[in-house]
Each structure stands twice: as structure tokens, then as C-alpha cells.
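Take a look at the structure below.
The values are calculated or read from the model by the stated rules, or taken from the named source; none is laboratory data. Keep in mind that what you see is a predicted model, and the values were worked out from it rather than measured. Note that each Cβ is placed from the backbone with ideal geometry, even for glycine, and that neighbours are counted across all protein chains shown.
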Amino acid sequence: MRVHVKISAKELYTFSLFNSYTGFNGVVSVLFTVGSLALLVRMWNEIDLFQKAMLVLCALIFTVIQPVSLYSKSKKQAEHSGISDPMDLTFTDEKITVEQRGISGDVSWDEIWKAVELRSMYILRIGPQRGFLVPKAAIDGPTDKFVAILKKNLPASKTKGLKS
């Protein structure tokens, strides 16, 4: 199966949000925000304006400031050559071949850490911060065939959550 992929700022932003708010980072973000808001509400009548402003700022770090920052970075990355250039991914039972700007390379199925399905894309993770983004819109026809290839070539532990 061959998939032609052109990554947009929206897809990079979705990937960045996924990396930032899943796992341990997501738990810390939620705890920090909830803790800041709880402290603000609990101490409202006992703290001065500066302390209130600091607690509001703390609550906004992970809910507003970081998402805006991630979007800005994603937009800049999407304009960068290499990321914005179209890429062809060819999936076979032996490997994944990646072609971009006339250069090709192979990725063995063993190198894939995990396949993740989001609402608009699949992420084939090849490291803690790296992965191939495959927008669902880039897959010709139903995504069932794509998911079947992933499930056939990756252990079940690496394809948890994929819908077929």
C-alpha cells in the first residue's frame, strides 16, 4: 500500500498536542492546573492581587500558553523544507519505504515503537518524540486496509487502540 503524505501545520499541531498531553506530561499538566485553580479559589480572600495574578498565570500555562506556543512552532515547522515536502510511504510485509525529494530509505517494522490512531491521523512512533504522521485523508479509500497492514506486521501490544 502506498500513501502520499503532505504534512500541514494542523497535523503537526495535533502531533505536538498529543506528545505534550499524553502520559506523564499530561498528568503533571492537569495536576498543576487543577492545583493552581484550587489554591486560587481556596486562598482568594487571603492573598493579594499579585499572588492572584501569579496563580491565574500558573493555571493558564498548560491550558492556554502552551497550546498557543505549540501552534506557533507547528506553523513554523510546516513551512520548513523537509517537513513541508510531500513524502511517499510504501507499506509492505517486509518494511516501510519512505521517499522524499528523490531520496528513499527503509524502516523495518521492528523500528516502530507503537501505532497510534487519533481522530484525523495515524502516528507510527519511531521514538519518544518522532514518528511518521499519516493523515487519514491521505489514505485512498477506507482505512481498514491500512489498519490491517499495521496489525499484520506489528505485535498486538504495539497496535492497541487501532480500530479496524
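Of all helices (runs of 4 or more DSSP H) completely enclosed by the range 1-115, which ones contain at least 2 residues that are over 22 Å from the mean Cα position of the chain (by Cα), without any contact (Cβ under 8 Å) to a residue 60 or more places away in the chain and not assigned by TED's automatic domain parsing to the domain that holds A138?
Those helices (runs of 4 or more DSSP H) span 23-43, 49-60.
Kindly indicate whether any position in the range 106-117 is surrounded by 13 or more Cβ atoms within 10 Å (Cβ to Cβ) and of a type in the set (S, T, N, Q).
Within the range 106-117 (the criterion being surrounded by 13 or more Cβ atoms within 10 Å (Cβ to Cβ) and of a type in the set (S, T, N, Q)), the answer is no, since none of the residues qualifies.
Can you find a residue that is in contact (Cβ under 8 Å) with a residue 60 or more places away in the chain and surrounded by 19 or more Cβ atoms within 10 Å (Cβ to Cβ) anywhere in the range 149-159? Step through it out loud before you land on a result.
First, the residues of the range 149-159 that are in contact (Cβ under 8 Å) with a residue 60 or more places away in the chain: 149, 153.
Among the residues that remain, those that are also surrounded by 19 or more Cβ atoms within 10 Å (Cβ to Cβ) are: 153.
Yes, some residue in the range 149-159 is in contact (Cβ under 8 Å) with a residue 60 or more places away in the chain and surrounded by 19 or more Cβ atoms within 10 Å (Cβ to Cβ).
Would you pick out the residues in the range 137-148 that are free of Cβ contacts under 8 Å to residues at least 40 places away in the same chain and either in a helix (DSSP H, G or I) or not assigned by TED's automatic domain parsing to the domain that holds E94 (or both)?
Once the filter is applied, which keeps residues that are free of Cβ contacts under 8 Å to residues at least 40 places away in the same chain and either in a helix (DSSP H, G or I) or not assigned by TED's automatic domain parsing to the domain that holds E94 (or both), the range 137-148 yields A137, D144, V147, A148.
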